[in-house]
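Written out below as structure tokens is the structure these notes cover.
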Amino acid sequence: MGIVLDRPVDMHLHLRQGEMLKDVIPWSSRQFAGGVVMPNLTPPVDSGEKVDKYREEIEEALNGEAFKPLMTLFMRNYTYRELKEWRSKIFSIKLYPAGITTNSEAGVKKLEEIYPVLEIMEELKIPLSVHGETNGFVMEREREFAPIYLKLAKDFPNLPIIMEHISTIELVDLLEKAPNLYATITLHHLLFTLDDVVGGKLNPHFFCKPILKTPKDREALQNVVKSGHPKVMFGSDSAPHPLGGKLRGSAGVFSAPVILPLLTLFFRGDVATFQKFVSSNARENFKLNLPTKKVKIVEEQWQVPYIVGEVIPLLAGKILPFRIKNSK
Ligand code: DOR
Ligand code: ZN
């Protein structure tokens, strides 16, 4: 018994570097056949050489586990020659508005400045991944970005645009307004709300950007995921920070250890929709070529680790009713 998923893929993942990379990567590679690896390192991954170096570091940390890192470049003013040369090394280019989240100081200040890059990307068929927030009031930042998404989608109709980690009802609605807008949804935005961050005792392990929203927003996310919407894909945004960093206010939820066990609870036996959300939609939308890998989840109690290296995972210490087979 149990659920078997074919080639699950995490479309938005922070793996970091060095010791932290080695500590966290087994939790993703045990559950997924691949993942889209975010480029917000210091300094950012913004050249083909840096992509190669980072991919090699990831491959070494994988220790032989079948997992395809789908690499990304950090948005800057790339030339046609650069992108043509590096096209085959990357899945997408990630646009961060300057200063909006962790390690995004080198991000984009004015969208018009990167219009020439977007034209090149459209021609070379490189998807654009976007952290869609303004610098307005924290609860409204994502909603305020909606017109910007629409403008981008209309100005570049042949550019696939991935609205990363959507957290509001307004962005769910955008999916119907332009054919080239796609979305990723995280585990934490799907299951939790702002109440989990500040409704009782302050809980920094639920603090992330975009911030968790209202029950109404969460309901919209749950409905669109349950509908099996073909443009909606799972992207964990699992974002580890050392405990010290979290206590100084770093944004990011380290959800990797609990992803498939919690999604199994969420889908309540609807394996077909589960499979679409964590794999088929992404593979079909972006023609992904992932290693053959089946991941089995069984009904067996399992305790989430209290700490992984220096990082406290989501729901640390909790007992969950499902586990990955062969997981430690
Ligand atoms: O919560 C977040 N953490 N949101 C982001 O956009 C970045 C991420 C990180 O890198 O820690
Ligand atoms: Zn992220």
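The values are calculated or read from the model by the stated rules, or taken from the named source; none is laboratory data. Just so we're clear, the structure is a prediction, and the values are computed from it rather than from any experiment. Cβ atoms come from the backbone with ideal geometry, glycine included; neighbour counts cover every protein chain shown. All accessible areas refer to the heavy atoms of the entire protein, side chains included, with ligands and DNA or RNA removed. Shrake-Rupley method; radii C 1.70, N 1.55, O 1.52, S 1.80 Å.
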statement: Among residues of segment 7-59 being of a type in the set (Gly, Ala, Ser) and in a helix (DSSP H, G or I), the residue surrounded by the fewest Cβ atoms within 10 Å (Cβ to Cβ) is 18
In segment 133-152, the residues that are without any contact (Cβ under 8 Å) to a residue 60 or more places away in the chain and crowded, with 20+ Cβ neighbours inside 10 Å: 143, 145, 149, 152
query: If you take the residues in segment 224-276 that are within 16 Å of ligand 2 (Cβ to nearest atom) and closer than 28 Å to residue 176 by Cα, which one is surrounded by the fewest Cβ atoms within 10 Å (Cβ to Cβ)?
result: 259
query: Within segment 39-94, how many residues turn out to be free of Cβ contacts under 8 Å to residues at least 12 places away in the same chain and either among the acidic types (Asp, Glu) or within 16 Å of ligand 2 (Cβ to nearest atom) (or both)?
result: 4
- request: Specify the residue that is nearest to ligand 1 (Cβ to nearest atom); the eligible residues are those in segment 114-135 that are under 23 Å from the mean Cα position of the chain (by Cα) and of a type in the set (Asp, Glu).
  value: 133
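Quick one: in segment 222-247, which of the residues that are among the β-branched types (Val, Ile, Thr) and in a helix (DSSP H, G or I) is farthest from residue 31 (Cα to Cα)?
Pass one, segment 222-247, residues among the β-branched types (Val, Ile, Thr): 224-225, 232.
Imposing the further condition that a residue be in a helix (DSSP H, G or I) reduces the set to 224-225.
Values: 224: 23, 225: 19 Å.
Here the answer is 224.
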message: I'd like to know if segment 162-169 contains one or more residues that are outside any loop (DSSP other than H, G, I, E, B) and either open to solvent by 50 Å² or more (accessible area, probe 1.4 Å) or more than 16 Å from ligand 2 (Cβ to nearest atom) (or both).
response: yes
task: Go through segment 188-213 residue by residue and tally those that are within 12 Å of residue 166 (Cα to Cα) and either in a helix (DSSP H, G or I) or open to solvent by 30 Å² or more (accessible area, probe 1.4 Å) (or both).
output: 4
message: Quick check on this structure: which one of 177, 154, 216 is away from ligand 1 (no atom under 16 Å from the Cβ), of a type in the set (D, E, K, R), outside any helix (DSSP H, G or I) and farther than 20 Å from residue 262 by Cβ?
response: 177
Within segment 288-320, considering residues that are open to solvent by 50 Å² or more (accessible area, probe 1.4 Å) and not in a loop (DSSP other than H, G, I, E, B), the one nearest to residue 240 (Cα to Cα): 303
task: Give the residue that is farthest from ligand 1 (Cβ to nearest atom), with candidates limited to residues of segment 67-104 that are exposed (fewer than 13 other Cβ atoms within 10 Å of the Cβ) and not in a helix (DSSP H, G or I).
output: 79
task: Could you list, in sequence order, all residues of segment 135-161 that are in contact with a Pro (Cβ under 6 Å, 6 or more places away or on another chain) and aliphatic (A, V, I, L, M)?
output: none
message: Which condition from (1) more than 27 Å from residue 144 (Cα to Cα); (2) touching a His at 6+ places or on another chain (Cβ under 8 Å); (3) of a type in the set (D, E, K, R) is the one that residue 94 breaks?
response: (1)
